[in-house]
Amino acid sequence: MNWQWFYQLGSPKWFYQKTHYWQHWLGAFALMMLVVGAIWGLAFTPMDYKQGNSFRIIYVHVPASAVSLAGFYIMALAGAAGLIWRVKLQYTVMSVAAPIGAILTFLSLVTGAIWGKPTWGTYWQWDARITFTTVQFFLYLGIIALQQAYRNQNTADRACAMLALVGTVNIPIIYKSVDWWYTLHQPATLKLTEKSSIAPEMAYPLIWMILAYYICYVWLLISHTNAASLRRERKSSWVQALFSDRNATKVT
Amino acid sequence: MELSLQFDSWQAFFTMQGHGVYVFACYAITVASFALLISLPRWGRKRLIKSIRAGARRPQH
């Protein structure tokens, strides 16, 4: 049986060549979806009878939380794949998932804090979900720091993969925290198995925005991975050939 | 489902009955975060191209 396709999946060069051109289209599509969703949520969604207009923050807060949470799994899975098959590309995906996830977690925390002020009367509270999301933010930062701490790339990658795998313990805690500890944060508004506690006029733009964030996340993961691959492989012939002065006219 | 504009004027849209500050602060921070996320790989790529070209121009001994 021909296993070449499987090993190609671990090759940064192959991935770069496959994704370099169409990733811009994916990016344009993702940004368009974000803009449409933001206008929908800001101007065309009816006001919440209890929270007033401040509930419009949901359209940037909830998707950021969801994607940063899922991003941790993606990072850990990429790290596990790197550990098991010792492939470069998966380690690169893991290493770039950390800064993307950190920024999205930060976005979730800040928008949540600002939303908290008019709704709960406070920016910060030691609520279970808020606290564990902060833990997630520091786990992401820890992985970024660990990546820089080793001179040897392979050692750094292995250490980060371990930390990412251990850190996944935090994910179900964040996810279930609103049910386990009934402190301040409201329970989930969108539910897959039962009826959601949100009116459809408000739910559709939320689903739209979550989808837009996910598509945007995939695009960002691809573009960050390619940039990191070029940096990691800067000594190899394919990167040198791509950017040397002789090919200057070809580079965009 | 019927889509209709929820505000009568730009004034009403920007103030949002007192919640405008919070809402637009969140959306502004979101735009800034995505701008940063989009820019990071571009900056890295530019820096790399510069360093590769600088390395190539160096005399080889």
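Odds and ends about this structure:
- With contributions of -39500 (n - 2.57) from each DSSP H run of at least four residues, the per-residue ellipticity at 222 nm computed over chain A stands at -24000 deg cm²/dmol.
- Residues A:Q125 and B:Q11, FRET efficiency given R0 of 22 Å [Cβ-Cβ distance, rounded to 0.05]: 0.10
- Out-of-range pairs (alpha-carbon distance over 20 Å; input A:K18/A:K88; A:K13/A:K88; A:K13/B:K46; A:K235/B:K50; A:K117/A:K176): A:K117/A:K176
- R0 of 41 Å, Cβ-Cβ distance A:T189-A:I84: FRET efficiency to nearest 0.05: 0.65
- Each Lys and Arg contributes +1 and each Asp and Glu -1, all at the Cβ; summed about the Cα centre of chain A, the dipole is approximately 800 debye.
- A Förster radius of 41 Å, combined with the Cβ-Cβ distance separating A:Q148 from A:F6, puts the computed FRET efficiency at roughly 0.85.
- Axis angle, to the nearest 10 degrees, between helix A:128-149 and the longest C-alpha principal axis of chain A: 20 degrees.
- Sorting B:R42, A:R56, A:R231 from the fewest to the most surrounding beta carbons within 10 angstrom yields B:R42, A:R231, A:R56.
- For chain B, the longest principal axis of the alpha carbon atoms and the long axis of helix B:20-57 meet at an angle near 10°.
- For chain A, the longest principal axis of the C-alpha atoms and the axis of helix A:88-120 are separated by about 20°.
- Residues A:S244, A:S54 arranged by fewest to most Cβ contacts within 10 Å: A:S244, A:S54
- Other-chain or far-sequence residues with amide H under 5 Å of A:D48's (modelled H): A:F55
Every number here is computed from the coordinates shown, using simple stated rules; none is lab data. Remember, predicted model here, so these are calculated numbers, not experimental data. Ideal geometry is used to build each Cβ from the backbone, glycine not excepted, and the neighbour counts take in all protein chains shown.
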